[in-house]
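**Student:** Attaching a single structure in structure tokens format; questions to follow.
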Amino acid sequence: MPAAIEIAGVSKVFRLYREKPSSLKARLLSGRTRAEDFWALKNVTFEVPQGKSVALIGHNGSGKTTLLKCIAGILRPTEGSIRQRGRIAALLELGAGFHPELTGRENVYLNAAFLGLGRKDTDKVFDDIVNFAELGDFMDTQVKFYSSGMLVRLGFAVAVHVDPDILLIDEVLAVGDEAFQARCLDRIAQFQRDGRTIVLVTHALDTVRQICDQAVMLDHGQVYKVGHPDEVVRALRLKILHKDLDYATEEGSKEIEIMGAELIRASGATDGPVHPGESLTIQVDLRANTPIDDPVVSFALHDGTNRYVFGGDTVSEQIQLGRFDGKKRVTFHLRAMPLVQGRYWVTLGVHGRDARRVYHVQDQRYSFEVQQSGERRDQVFITMDAAVEDL
Ligand SMILES: Nc1ncnc2c1ncn2[C@@H]1O[C@H](COP(=O)(O)OP(=O)(O)OP(=O)(O)O)[C@@H](O)[C@H]1O
Ligand SMILES: [Mg+2]
């Protein structure tokens, strides 16, 4: 089967006119402001197979939106070509494609027409669009008075009701409230069952893992990795971590190596769920391949959306490793973890005091699941006591 989208050697240049911070005199003498070429996309090549859901991930500014706009035909690539098969509906920036002065109702017709749906066909799906968006009372209000959540509701409702073969979604879903997001995910699942093609840009890396068949990571406008969502998400997390800690090398020099680690639950088990308020011991076994003075062992916890949650190291715990030769076991005992439902990822590192010398890093290699009973919306778990007394 031919691919739904074929992206071949796509590059995109933006011309930036930079105002150099210089004196008025210098600016007068140098004449016009200089233009600089900025390559937002560089030689991007990959295919989106028909009926598959592909995530596009990467740092802010890595080129995701630019690429999505090129696929949607809103931007023209400077080099290369893009071939799409089928009708495309795109949900790009907030309110893109909407006219602020027109009402919600008028915008539905305008937008649907833009996506290739005639007036009669739009009539047929109009009620479904309004119901899905839950904007009944606001359909005759000008769109300029809509909140960002309302804009997304309307945009998504139109996009999924024009019967597209390919759906492009840029992050915007994160703007909707929880109930709406759940409905969007339901609708996306239905799209997938119908065999439609989806390209999803998001920073919610767990969503990528849950719903996408494949992921593409962009880095500074270039394809950094294409593959199974788990692998590509890992690659992105690794990059984010190295950026945070300014690590010189990916894996470290290996003068000291992490031989292995265990996450020991309160019960003594090394796997299975953890419950809020329980303890967890991070046990790290290390080997020095050459004697090293005063290394530091550290750990970091990230949640499912790659937010940093907590971290610690031997320095802050006032542990001296001294001259490290041979093997050592370092344990961090987290007494009562205030974590709520979800999967958490553990990163381990051995490095010098200033973190510029990195001996070994294991990025998010270990993880554990916190299980909580019932439907809870807590951000943290707080151990508490309650009482009642007669007055
Ligand atoms: N119209 C434009 N003119 C000049 N530069 C632009 C334009 N649009 C995007 N850029 C630049 O291109 C780069 C890629 O931007 P893009 O919006 O594609 O990033 P992104 O991956 O979507 O980021 P984010 O995660 O923040 O949404 C950025 O450096 C951005 O400043
Ligand atoms: Mg973007």
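**Student:** Restricting the search to region 332-361, which residues are touching a strand residue (DSSP E or B) at 6+ places or on another chain (Cβ under 8 Å), open to solvent by 40 Å² or more (accessible area, probe 1.4 Å) and part of a loop (DSSP other than H, G, I, E, B)?
**Tutor:** Selection gives 341, 353, 357.
**Student:** Turning to a different aspect of this structure: Looking at (1) open to solvent by 60 Å² or more (accessible area, probe 1.4 Å); (2) in contact with a strand residue (DSSP E or B) (Cβ under 9 Å, 6 or more places away or on another chain); (3) touching a residue at least 12 places away in the same chain (Cβ under 8 Å); (4) not hydrophobic (A, V, I, L, M, F, W, C), which one does residue 128 not meet, given that it meets all the others?
**Tutor:** Residue 128 satisfies all of (1) open to solvent by 60 Å² or more (accessible area, probe 1.4 Å); (2) in contact with a strand residue (DSSP E or B) (Cβ under 9 Å, 6 or more places away or on another chain); (3) touching a residue at least 12 places away in the same chain (Cβ under 8 Å); (4) not hydrophobic (A, V, I, L, M, F, W, C) except (2).
**Student:** Still on this structure, I have one more. From 80, 61, 73, grab the single residue that is assigned by TED's automatic domain parsing to the domain that holds residue 161, within 16 Å of ligand 1 (Cβ to nearest atom) and at pLDDT 95 or above. Reasoning before the result, please.
**Tutor:** Numbers: 61 fails: at pLDDT 95 or above; 73 fails: at pLDDT 95 or above.
Just a single option satisfies the conditions, and that option is 80.
**Student:** Let me ask another. So residue 219 ticks every box in (1) in contact with a helix residue (DSSP H, G or I) (Cβ under 9 Å, 6 or more places away or on another chain); (2) away from ligand 2 (no atom under 16 Å from the Cβ); (3) among the acidic types (Asp, Glu) but one. Which box is left unticked?
**Tutor:** That leaves (2) as the condition not met.
**Student:** Somewhere in region 304-312, is a residue polar (S, T, N, Q) and open to solvent by 30 Å² or more (accessible area, probe 1.4 Å)?
**Tutor:** Here is the first cut: in region 304-312, the ones polar (S, T, N, Q) are 305-306.
Keeping just the survivors that are open to solvent by 30 Å² or more (accessible area, probe 1.4 Å) gives 305.
Yes - at least one qualifying residue is present in region 304-312.
**Student:** I'd like to check something: does region 44-52 contain any residue that is near ligand 1 (Cβ under 8 Å from one of its atoms), among the hydrophobic types (A, V, I, L, M, F, W, C) and either part of a strand (DSSP E or B) or buried (at least 24 other Cβ atoms within 10 Å of the Cβ) (or both)? Walk me through how you get there before you give the answer.
**Tutor:** To start, the set of residues in region 44-52 that are near ligand 1 (Cβ under 8 Å from one of its atoms) comprises none.
Within region 44-52, not a single residue is near ligand 1 (Cβ under 8 Å from one of its atoms), among the hydrophobic types (A, V, I, L, M, F, W, C) and either part of a strand (DSSP E or B) or buried (at least 24 other Cβ atoms within 10 Å of the Cβ) (or both).
**Student:** Oh, and also: For region 96-127, what are the residues that are assigned to a helix (DSSP H, G or I), touching a Ser or Thr at 6+ places or on another chain (Cβ under 8 Å) and modelled with pLDDT of 90 or more? Walk me through it before giving the result.
**Tutor:** Applying the first criterion (assigned to a helix (DSSP H, G or I)) to region 96-127 yields 104-114, 119-127.
So of that shortlist, the ones also touching a Ser or Thr at 6+ places or on another chain (Cβ under 8 Å) come out as 104, 108-109, 112-113.
Once the filter is applied, which keeps residues that are assigned to a helix (DSSP H, G or I), touching a Ser or Thr at 6+ places or on another chain (Cβ under 8 Å) and modelled with pLDDT of 90 or more, region 96-127 yields 104, 108, 109.
**Student:** Hey, among 92, 151, 115, which residue is in the same structural domain as residue 197 (by TED's automatic domain parsing) and crowded, with 21+ Cβ neighbours inside 10 Å? Break it down into steps so the answer makes sense when it comes.
**Tutor:** On the way: 92 fails: crowded, with 21+ Cβ neighbours inside 10 Å; 115 fails: crowded, with 21+ Cβ neighbours inside 10 Å.
The match here is 151.
**Student:** So which residues in region 266-283 are under 29 Å from the mean Cα position of the chain (by Cα) and in a strand (DSSP E or B), if there are any at all?
**Tutor:** Within region 266-283, 274, 280, 281, 282 qualify.
**Student:** Taking region 61-83 as the search range and keeping residues that are open to solvent by 40 Å² or more (accessible area, probe 1.4 Å) and in a loop (DSSP other than H, G, I, E, B), which one is nearest to ligand 2 (Cβ to nearest atom)?
**Tutor:** So, considering only residues that are open to solvent by 40 Å² or more (accessible area, probe 1.4 Å) and in a loop (DSSP other than H, G, I, E, B), the one nearest to ligand 2 (Cβ to nearest atom) is 61.
**Student:** Determine, yes or no, whether residue 305 is in a strand (DSSP E or B) and either within 29 Å of the chain's Cα centre (by Cα) or at pLDDT below 95 (or both).
**Tutor:** Working: in a strand (DSSP E or B): no; either within 29 Å of the chain's Cα centre (by Cα) or at pLDDT below 95 (or both): yes.
When the stated conditions are applied, residue 305 does not pass them.
**Student:** Something else now. Hey, does region 362-381 have a residue that's more than 26 Å from residue 209 (Cβ to Cβ), open to solvent by less than 20 Å² (accessible area, probe 1.4 Å) and within 31 Å of the chain's Cα centre (by Cα)?
**Tutor:** Taking region 362-381 first, the residues more than 26 Å from residue 209 (Cβ to Cβ) are none.
No - not one qualifying residue is present in region 362-381.
**Student:** Something else: Is it the case that some residue within region 190-203 is assigned by TED's automatic domain parsing to the domain that holds residue 69, in contact with a strand residue (DSSP E or B) (Cβ under 9 Å, 6 or more places away or on another chain) and of a type in the set (Gly, Ala, Ser)? Don't jump to the end; show me each part of the working.
**Tutor:** First, the residues of region 190-203 that are assigned by TED's automatic domain parsing to the domain that holds residue 69: 190-203.
Okay, now just the ones that are also in contact with a strand residue (DSSP E or B) (Cβ under 9 Å, 6 or more places away or on another chain), so 191-192, 196-203.
From what is left, the residues that are of a type in the set (Gly, Ala, Ser) are none.
No, the conditions are met nowhere in region 190-203.
**Student:** When residue 233 is evaluated against the numbered criteria (1) part of a helix (DSSP H, G or I); (2) open to solvent by 20 Å² or more (accessible area, probe 1.4 Å), which criterion, by number, is the only one it fails?
**Tutor:** Unmet condition: (2).
**Student:** Taking region 192-230 as the search range and keeping residues that are open to solvent by 40 Å² or more (accessible area, probe 1.4 Å) and part of a loop (DSSP other than H, G, I, E, B), which one is modelled with the lowest pLDDT?
**Tutor:** Checking each candidate, the answer is 203.
**Student:** Which one of these is touching a residue at least 60 places away in the same chain (Cβ under 8 Å) and closer than 29 Å to residue 3 by Cα: 183, 196? Please lay out each step first, then the result.
**Tutor:** Working: 183 fails: touching a residue at least 60 places away in the same chain (Cβ under 8 Å).
It is 196.
**Student:** Which pairs have Cβ atoms under 9 Å, sit 6 or more apart or on different chains, and link a residue in region 52-65 that is within 17 Å of residue 230 (Cα to Cα) to one that is of a type in the set (Asp, Glu) and near ligand 2 (Cβ under 9 Å from one of its atoms)?
**Tutor:** Within 9 Å, the pairs are 56/170.
The values are calculated or read from the model by the stated rules, or taken from the named source; none is laboratory data. Computed from a predicted model, the values in this text were never measured in an experiment. Methodologically, a virtual Cβ is constructed for each residue, glycine included, from the backbone with ideal geometry; neighbour enumeration extends over all protein chains shown. Accessible surface is based on the protein model in full, side chains and every heavy atom, while ligands, DNA and RNA are left aside. Shrake-Rupley method; radii C 1.70, N 1.55, O 1.52, S 1.80 Å.
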